[in-house]
Ligand SMILES: Cc1cc2nc3c(=O)[nH]c(=O)nc-3n(C[C@H](O)[C@H](O)[C@H](O)COP(=O)(O)OP(=O)(O)OC[C@H]3O[C@@H](n4cnc5c(N)ncnc54)[C@H](O)[C@@H]3O)c2cc1C
């Protein structure tokens with residue numbers, strides 16, 4: 001069976017390694033083949049961008065050589081997919097090669113789209129790419145006090161990042177001794193400070209305690225850089241000295257161009273993870289349209305379920321389990337404390353009081369991630 | 001005729017039905033109808049509240065076997 005994985009990020013890498021282990025015998029005998037196509041020879045640990053933006057990590061710490069993360073039996077090519085010929089079970093790449101498959105998995109991720117909000121790209125700081133996170137840190141270092149507004153678009157990957165950046169900025173300004181001259185104003189698109197009700201219930205009093213003001217039902221419409229005002233779809237506006245944003249995301253352009261999903265989100269079965277209408281095309285990670293968090297942990301749990309299923313398809317012709325919607329997210333609540341939220345389609349999360357131990361565990365995970373990508377954790 | 005699109009946000013704790021709707025609105029055309037399916041009772045209030053604020057149209061809300069169906073129309 002020819003297995004083609006398109007995308008070498010969190011989802012694609014964890015899946016490829018999971019499969020290579022489960023199918024080691026079949027890979028050796030030639031009964032199975034795993035090919036991965038990606039857009040880069042580097043693998044970025046994206047959660048590290050949050051730390052980069054506040055000067056607690058450097059860019060080199062975010063990367064590993066993609067090939068070094070993959071099991072030896074995986075055939076890896078840096079050659080992005082350009083044309084998906086789903087009816088012919090083949091993919092044409094930018095390099096002009098054509099790869100056939102029996103089973104394909106798409107895990108091409110998502111991207112922030114600041115250009116969709118007038119004035120946003122030119123007038124705000126962001127941290128969802130290496131370049132923007134370094135630029136944000138430079139602006140923070142120059143900042144001497146004033147009003148910092150945090151605003152975000154929907155959907156965005158990493159649902160915890162809005163809260164985390166608010167708490168981390170608070171501690172950053174405190175450490176620099178300019179907290180008394182700085183006002184942090186947090187905005188959020190729905191009627192509470194976080195999408196998870198239990199997290200919102202915990203975070204709002206935490207904001208009150210730290211003196212972070214907040215405004216809900218705020219969806220960015222436009223940014224007036226001359227007047228330093230951000231306006232919302234809801235008809236309100238707020239002024240800022242420094243605007244920090246997480247723009248709304250789309251899936252990759254290649255998905256849209258191939259007509260595989262509006263705005264790059266591929267219609268995906270929430271339990272079986274196959275692309276709607278296709279039995280041999282599966283989708284994991286940010287690019288699904290499943291209504292759960294676009295997070296690395298989602299990609300991870302989906303990859304584990306799918307790895308088990310594809311291996312079973314090779315060995316006995318059918319899948320063996322369903323994905324239950326599991327997500328697990330750490331929540332950094334400042335420089336030295338953290339908590340977490342764990343939930344699935346049926347069970348809501350119940351975050352506990354933040355502790356130092358969980359923060360240390362998150363710091364450890366920042367390193368352990370590489371073992372996780374290799375499929376060892 | 002306007003398109004009707006189903007936004008299946010059942011079992012969505014995060015980002016949740018309203019966030020799913022806000023995202024789906026971006027992909028919809030003016031005049032399209034969106035039917036949000038939600039297992040969260042709060043959706044029956046917070047979706048119409050947001051729709052009113054941003055001046056789209058709330059057409060109806062019904063409940064069937066613990067699933068809320070909120071029908072809205074993109075007005076602008
Ligand atoms: C600042 C920040 C903080 C975050 N914090 C957390 C966190 O604490 N916890 C958490 O769980 N998640 C976090 N995330 C989210 C997490 O990084 C993503 O949800 C996760 O990486 C999604 O995995 P993925 O495999 O879908 O996509 P990605 O990991 O983005 O990988 C996509 C891959 O597809 C490749 N690709 C793109 N186009 C093509 C093409 N045409 N052909 C072939 N390959 C292609 C890319 O090169 C890349 O290798 C954070 C993200 C950011 C930006």
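The values are calculated or read from the model by the stated rules, or taken from the named source; none is laboratory data. Because the structure is a prediction, the values reported are computed rather than measured. Glycine also receives a Cβ, built like all others from the backbone with ideal geometry; neighbour counts cover every protein chain displayed.
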Qualifying strands (runs of 3 or more DSSP E) (wholly inside region A:217-276; at least 3 residues being more than 15 Å from the ligand (Cβ to nearest atom)):
A:220-224, A:229-232, A:237-239
Please enumerate the residues belonging to region A:290-326 that are more than 14 Å from chain B (Cβ to nearest Cβ) and part of a loop (DSSP other than H, G, I, E, B).
A:317, A:318, A:319, A:320, A:321
Restricting region A:277-289 to residues that are within 13 Å of the ligand (Cβ to nearest atom) and in a loop (DSSP other than H, G, I, E, B), the one nearest to the other protein chains (Cβ to nearest Cβ) turns out to be A:289
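Conditions (1) within 15 Å of residue A:74 (Cβ to Cβ); (2) within 14 Å of chain B (Cβ to nearest Cβ); (3) within 9 Å of the ligand (Cβ to nearest atom), marked per residue:
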site: A:15; (1), (2), (3): yes, no, yes
site: A:18; (1), (2), (3): yes, no, no
site: A:23; (1), (2), (3): yes, no, no
site: A:30; (1), (2), (3): yes, no, no
site: A:34; (1), (2), (3): yes, no, no
site: A:38; (1), (2), (3): yes, no, yes
site: A:48; (1), (2), (3): no, no, yes
site: A:52; (1), (2), (3): no, no, yes
If you take the residues of region A:1-13 that are under 19 Å from the mean Cα position of the chain (by Cα) and outside any helix (DSSP H, G or I), which of them is nearest to the ligand (Cβ to nearest atom)?
A:9
Any idea which of A:116, A:131, A:125 is more than 14 Å from chain B (Cβ to nearest Cβ), touching a helix residue (DSSP H, G or I) at 6+ places or on another chain (Cβ under 9 Å) and surrounded by fewer than 23 Cβ atoms within 10 Å (Cβ to Cβ)?
A:125
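Hey, among the residues in region A:24-55 that are in contact (Cβ under 8 Å) with a residue 40 or more places away in the chain and in a loop (DSSP other than H, G, I, E, B), which one's surrounded by the most Cβ atoms within 10 Å (Cβ to Cβ)? Steps first, answer last, please.
Our first condition is that a residue be in contact (Cβ under 8 Å) with a residue 40 or more places away in the chain; within region A:24-55, this holds for A:24, A:26-28, A:31-39, A:43-55.
Filter again for in a loop (DSSP other than H, G, I, E, B), leaving A:31-32, A:39, A:45-47, A:54-55.
Details: A:31: 12, A:32: 25, A:39: 18, A:45: 21, A:46: 20, A:47: 23, A:54: 21, A:55: 15.
Result: A:32.
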Does residue A:203 satisfy the criteria of being out of contact with any helix residue (DSSP H, G or I) (no Cβ under 6 Å at 6 or more places or on another chain) and more than 25 Å from residue A:83 (Cα to Cα)?
no
Taking the residues in region A:63-77 that are assigned to a helix (DSSP H, G or I) and more than 10 Å from the ligand (Cβ to nearest atom) as candidates, determine which candidate is nearest to the other protein chains (Cβ to nearest Cβ).
A:69
Which condition breaks for residue A:162 when tested against (1) within 16 Å of residue A:244 (Cβ to Cβ); (2) out of contact with any helix residue (DSSP H, G or I) (no Cβ under 8 Å at 6 or more places or on another chain); (3) away from the ligand (no atom under 16 Å from the Cβ)?
(3)
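Within region A:327-377, which residues are part of a helix (DSSP H, G or I), without any contact (Cβ under 8 Å) to a residue 24 or more places away in the chain and under 21 Å from the mean Cα position of the chain (by Cα)?
Of everything in region A:327-377, those that are part of a helix (DSSP H, G or I), without any contact (Cβ under 8 Å) to a residue 24 or more places away in the chain and under 21 Å from the mean Cα position of the chain (by Cα) turn out to be A:363, A:364, A:367, A:368, A:371.
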Residue A:341 - would you say it is touching a helix residue (DSSP H, G or I) at 6+ places or on another chain (Cβ under 7 Å), closer than 26 Å to residue A:200 by Cα and either surrounded by 19 or more Cβ atoms within 10 Å (Cβ to Cβ) or within 13 Å of chain B (Cβ to nearest Cβ) (or both)?
yes
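Rundown of residues vs (1) within 14 Å of another protein chain (Cβ to nearest Cβ); (2) within 15 Å of the ligand (Cβ to nearest atom); (3) at positive phi; (4) under 23 Å from the mean Cα position of the chain (by Cα), yes/no style:
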{"residue": "A:149", "(1), (2), (3), (4)": "no, no, no, yes"}
{"residue": "A:153", "(1), (2), (3), (4)": "yes, yes, no, yes"}
{"residue": "A:177", "(1), (2), (3), (4)": "no, no, yes, no"}
{"residue": "A:213", "(1), (2), (3), (4)": "no, no, no, no"}
For region A:90-99, check the following and say yes or no: at least one residue is surrounded by fewer than 15 Cβ atoms within 10 Å (Cβ to Cβ), outside the structural domain of residue A:187 (by TED's automatic domain parsing), away from the ligand (no atom under 13 Å from the Cβ) and under 30 Å from residue A:4 (Cβ atoms).
yes
